[in-house]
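Read the structure below first, then the notes.
None of the figures in this text is laboratory data; all of them are computed from the coordinates on show. Keep in mind that this is a model prediction, so the values were computed, not measured. FYI the Cβ positions are ideal-geometry reconstructions off the backbone, even for glycines, and counts take in every protein chain you see.
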Amino acid sequence: MTKLVFIRHGQSEWNLKNLFTGWVDVDLSEKGVEEAKEAGHKIKEAGLQFDQAYTSVLTRAIKTLHYALEESGQLWIPETKTWRLNERHYGALQGKNKAKAAEKYGDEQVHIWRRSYDVLPPLLSADDEGSAAQDRRYADLDPRAIPGGENLKVTLERVIPFWEDEIAPKLLDGKNVIIAAHGNSLRALTKYIEGISDADIMGVEMATGQPVVYDLDEKLNIVNKTKL
Ligand SMILES: O=C(O)[C@H](O)COP(=O)(O)O
């Protein structure tokens, strides 16, 4: 049985401050570091051994992966970083406080921005301060692929090609895989592999630093799912 593990990064400094984060590259909080180490401890206890790791190009996910692998004695495994596993881009909401946004625009609107499948947040343009177009790590990307804001649908559309081209072939080859990423890039993957409807995905949440373990058969059907 092939193992696939998802882990959302540990608490970030902006999770702690309740700010929309998206593609802003914030670090883990102290609690987030502890959550990542604890995840590694649980991975070790569960005897999970990986052949390949995938993560985003954002520090909080990369560090979570590294703490978890170090704690489980697997820091040496091959890893691939890709923008396709980044958090959804939260557009012009990035850096804004979620509670203050709810006071200003109403709980309902903020809930729609956060959890609807296909409503976009207010967008950033390429020359706005804070646009990813100014960030060296995206220099090789076609400028048209750099988002000004994403909903879950758009996030899924850029995550899934990476799943199909890179991750699924590894799993089909019998390799055990860990993916350290973000609340919404992992919700997109969860929706895709579990066949969750557009409506039901609104109710799916990913806890910080909690490994989600899938057992997959040789056709990548899900045989079992557990949370550590
Ligand atoms: O980008 C963010 O703000 C968080 O990582 C995810 O936020 P959400 O739970 O509001 O989608």
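Here's how it looks for G209: its modeled amide H is under 5 Å from those of R8, H9, G10, which are all 5 or more places away or on a different chain.
Could you tell me which of rounded, prolate or oblate describes the stretch 16-91, using a ≥ b ≥ c as the square roots of the eigenvalues of the alpha-carbon gyration tensor, with rounded for a/c under 1.5 and, failing that, prolate when a/b is larger than b/c and oblate otherwise?
Values: a/c = 2.81, a/b = 1.48, b/c = 1.89.
Judged from the Cα gyration tensor, the stretch 16-91 comes out oblate (a/c at least 1.5, b/c at or above a/b).
What value, in deg cm²/dmol to 500, does the helix sum -39500 (n - 2.57) over DSSP H runs of n ≥ 4 give at 222 nm once divided by the residues of the chain?
On the way: 8 runs with 78 residues, N = 228.
Per the formula, -10000 deg cm²/dmol.
For the stretch 23-35, backbone phi angles converted through the Karplus equation (6.51, -1.76, 1.60; θ = phi - 60°) give residue-by-residue couplings of 8, 6, 8, 8, 8, 6, 7, 4, 4, x, 4, 4, 4 Hz, Gly and Pro being listed as x.
Shape of the stretch 1-41 from its Cα gyration tensor (a ≥ b ≥ c, root eigenvalues): rounded if a/c is under 1.5, otherwise prolate when a/b > b/c, or oblate? Here the stretch 1-41 falls in the oblate category. Averaging Cα coordinates gives a centre for the stretch 1-50 and one for the stretch 85-100; these two points are 19 Å apart.
Shape verdict for the stretch 96-228, please, from the Cα gyration tensor: rounded (a/c under 1.5), prolate (a/b greater than b/c) or oblate. Since a/c reaches 1.5 but b/c is at least a/b, the shape of the stretch 96-228 is classed as oblate.
For E30 and R137, the FRET efficiency from 1/(1 + (r/R0)^6), where r spans their Cβ atoms and R0 equals 22 Å, is about 0.30. Go through K37/K81; K37/K100; K100/K153; K42/K191 and tell me which ones have a Cα-Cα distance over 23 Å in this structure. Those over the limit are K37/K100; K100/K153; K42/K191. For the stretch 121-138, the Karplus equation 6.51 cos²θ - 1.76 cosθ + 1.60, evaluated at θ = phi - 60°, returns couplings of x, x, 8, 9, 9, 4, 8, 5, 4, x, 5, 5, 4, 8, 9, 4, 5, 9 Hz by residue, with Gly and Pro reported as x. Exposure proxy for E35, E103: other Cβ atoms within 10 Å of each Cβ, ordered fewest to most, give E103, E35. Here the Karplus curve 6.51 cos²θ - 1.76 cosθ + 1.60, taken at θ = phi - 60°, turns the phi angles of the stretch 5-21 into couplings of 10, 9, 9, 6, 3, x, 3, 9, 4, 7, 4, 4, 8, 6, 9, 4, 10 Hz, with x standing for Gly and Pro.
How much of the DSSP bridge set in the chain is antiparallel, in percent, rounded to the nearest 5? Walk me through the numbers on the way to the answer.
Working: 12 of 25 bridges.
In the chain, approximately 50 percent of DSSP beta bridges are antiparallel ones.
Helix 152-162 and the longest principal axis of the Cα set of the chain meet at an angle near 40°.
Spin-label model, I196 to H41: label points 7 Å out along the Cα-to-beta-carbon direction sit 2.8 nm apart.
Sort S12, S131 so that the residue with the fewest other Cβ atoms within 10 Å of its own Cβ comes first and the one with the most comes last.
Final ranking by Cβ density, sparse to dense: S131, S12.
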